[in-house]
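Asks: The following block contains the structure, expressed as structure tokens.
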Amino acid sequence: MENQKFNSANYSFEPATHKTQQVIWIKFPYNKNLIEALKQVAKVKWSSSKKAWYAFDNDHHRQIFVLQAKSHTQEMFRQIHAVNQPAIQRYVQQLQLKAYSPNTIRTYTIEFAQLLKTLSSHKVDDLSSEKVRSYFLYCINTLKLSETSVHSRMNAVKFYFEQVLKRDKIFLEIPRPKKPSTLPKALSVQDVKKMLGTVENDKHKLLLMLCYGMGLRVSELVKLKVTDIDSKRMQVLVQSGKGKKDRYVNLPQSILKLLRAYYKEYKPKKFLFEGHFGGAYSVRSVQNVFKSAMRKAKIYKPVGIHSLRHSYATHLLEAGTDISFIQKLLGHNNIKTTLIYTQISDKNLSKVQSPLDKLLE
């Protein structure tokens, strides 16, 4: 599949609605090779009524078909009353001026848009502190949002009043719900080894090994460039990680042979891992590689690929690595963020015997 030839110029694409779902119609002269090539790169379906192939309209398929990405912001704009259109536009512009990441801009804008849609024709700039407080009570009691979701929405709304309208005191009287205290979900050393052992594709295995072996976020993994790898110093430069910070991580010695074999076979030009048509490998593709490996290994724990980063930190602690070194390798600003791993890797605590065991001896 990695080497399957696919040329989007052989097809024509038309975004539309089919059975209440957003789809992309794919049209081309009947040809078995074209059908096979299409199936290799996208999840396509055949419509008997329309006599045509189609795929669901999402960012992944738009990237494959070389179509312009969907504008989530524009879709939200259309759902907001005209009286609050200037507010959402100023909001997005302020986020952009402050150089927030695309993901943060999207998350904040979606959350703020929920307030504007609820307000309908009521102007957001006229809201008092008491009205804003009532809105969050509505989110908790009527919408039944989780504590984490309420925090996210509060942050988004707070940004508008404080950073756009410059009203610093409007949130002083609004308490925040207490967040649940959750621990990172890590895999055991045995599970990681078992999972990696199921992967036969060299590119996929290298993806997962680097993710675990260097404690990378998946967003950092797909942005790695060939020039970031320094095999002489055995270090890798992680550029613009979370918080737009650069950091160095250690390149595992055990990965050098596979890394060199991968480079000779795939010959990446810019990014270490590239997609079918060049450019960085997609985050979703890496997530699918991880899910597939977990299924093959018959490990059914409810974890995502980020658990490999948690596992990296946990296993370093269990091996006796100083917590301050782990903080630097993970790129944490605050040591408190790193200290949470001590709650899931305390070997001494695990040796404490339950009184029930003693009772039944």
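The values are calculated or read from the model by the stated rules, or taken from the named source; none is laboratory data. Treat the numbers as computed from the prediction; the structure is a model and nothing was measured. Neighbour counts are summed over all protein chains in view; Cβ atoms, including those assigned to glycine, are modelled from backbone coordinates with ideal geometry.
Asks: Please work out if Lys328 is assigned by TED's automatic domain parsing to the domain that holds Thr227, touching a strand residue (DSSP E or B) at 6+ places or on another chain (Cβ under 8 Å) and part of a helix (DSSP H, G or I). Please lay out each step first, then the result.
Replies: Details: assigned by TED's automatic domain parsing to the domain that holds Thr227: yes; touching a strand residue (DSSP E or B) at 6+ places or on another chain (Cβ under 8 Å): yes; part of a helix (DSSP H, G or I): yes.
The answer is yes for Lys328.
Asks: Can you tell me which of Leu115, Leu210, Leu196, Leu206 is at pLDDT 95 or above and under 19 Å from Arg90 (Cα atoms)?
Replies: Leu115 is the lone residue from the list that is at pLDDT 95 or above and under 19 Å from Arg90 (Cα atoms).
Asks: Additional query: Assigned by TED's automatic domain parsing to the domain that holds Gly331, surrounded by 14 or more Cβ atoms within 10 Å (Cβ to Cβ) and under 30 Å from Ala37 (Cα atoms) - does that describe any residue in the range 250-260?
Replies: yes
Asks: Can I ask one more? Looking at this structure, is Gly241 at pLDDT below 95, in contact with a Gly (Cβ under 6 Å, 6 or more places away or on another chain) and not β-branched (Val, Ile, Thr)?
Replies: yes
Asks: Then there's this: Please verify whether Ala87 is part of a helix (DSSP H, G or I), crowded, with 17+ Cβ neighbours inside 10 Å and modelled with pLDDT of 85 or more, treating the condition exactly as stated.
Replies: So Ala87 fits the description; yes.
Asks: List the pairs whose first member sits in the range 309-322 and is more than 16 Å from Leu339 (Cβ to Cβ) and assigned by TED's automatic domain parsing to the domain that holds Leu216, whose second member is acidic (Asp, Glu) and surrounded by fewer than 20 Cβ atoms within 10 Å (Cβ to Cβ), and whose Cβ atoms are under 9 Å apart, counting only residues at least 6 apart or on separate chains?
Replies: Ser311/Asp191
Asks: Let me ask something else. Residues of the range 280-300 being outside any helix (DSSP H, G or I) and touching a Leu at 6+ places or on another chain (Cβ under 9 Å), which ones?
Replies: Result: Ala280, Tyr281, Ala297, Ile299.
Asks: Then there's this: Which pairs do you get when a residue that is under 16 Å from Tyr263 (Cα atoms), found in the range 200-227, comes within reach of a residue that is of a type in the set (D, E, K, R) and surrounded by fewer than 20 Cβ atoms within 10 Å (Cβ to Cβ), reach meaning Cβ atoms under 8 angstrom, with the pair 6+ apart or on two chains?
Replies: Correct list of pairs: Asn201/Glu2; Asp202/Glu265; Lys203/Glu2; Lys225/Lys270; Val226/Lys269; Val226/Lys270.
Asks: Are any residues in the range 41-55 among the hydrophobic types (A, V, I, L, M, F, W, C) and either at positive phi or modelled with pLDDT under 90 (or both), and if so, which ones?
Replies: Filtering the range 41-55 down to residues among the hydrophobic types (A, V, I, L, M, F, W, C) leaves 41-42, 44, 46, 52-53, 55.
Across the range 41-55, the qualifying residues are Val41, Ala42.
Asks: Something else about it: So for the range 147-156 (the condition being of a type in the set (Asp, Glu) and not assigned by TED's automatic domain parsing to the domain that holds Tyr108), does at least one residue qualify?
Replies: no
Asks: Tell me whether the range 185-194 contains one or more residues that are assigned to a helix (DSSP H, G or I) and either buried (at least 18 other Cβ atoms within 10 Å of the Cβ) or aromatic (Phe, Trp, Tyr) (or both).
Replies: Within the range 185-194, one or more residues are assigned to a helix (DSSP H, G or I) and either buried (at least 18 other Cβ atoms within 10 Å of the Cβ) or aromatic (Phe, Trp, Tyr) (or both).
Asks: Ok, one more. May I ask you to list the residues in the range 90-113 that are among the small types (Gly, Ala, Ser) and part of a helix (DSSP H, G or I)?
Replies: The one that is among the small types (Gly, Ala, Ser) and part of a helix (DSSP H, G or I): Ala113.
Asks: Assuming Phe271 fulfils every condition listed in (1) closer than 13 Å to Lys225 by Cα; (2) under 17 Å from the mean Cα position of the chain (by Cα) apart from one, which condition is it?
Replies: For Phe271, the exception is condition (2).
Asks: Is it the case that Ser282 is buried (at least 16 other Cβ atoms within 10 Å of the Cβ) and either in contact (Cβ under 8 Å) with a residue 40 or more places away in the chain or assigned by TED's automatic domain parsing to the domain that holds Gly215 (or both)?
Replies: On the way: buried (at least 16 other Cβ atoms within 10 Å of the Cβ): yes; either in contact (Cβ under 8 Å) with a residue 40 or more places away in the chain or assigned by TED's automatic domain parsing to the domain that holds Gly215 (or both): yes.
For Ser282, the condition - buried (at least 16 other Cβ atoms within 10 Å of the Cβ) and either in contact (Cβ under 8 Å) with a residue 40 or more places away in the chain or assigned by TED's automatic domain parsing to the domain that holds Gly215 (or both) - is met.
Asks: Taking the range 150-168 on its own, how many of its residues are touching a residue at least 40 places away in the same chain (Cβ under 8 Å) and more than 24 Å from the chain's Cα centre (by Cα)?
Replies: Residues flagged as touching a residue at least 40 places away in the same chain (Cβ under 8 Å) and more than 24 Å from the chain's Cα centre (by Cα) within the range 150-168 amount to 4.
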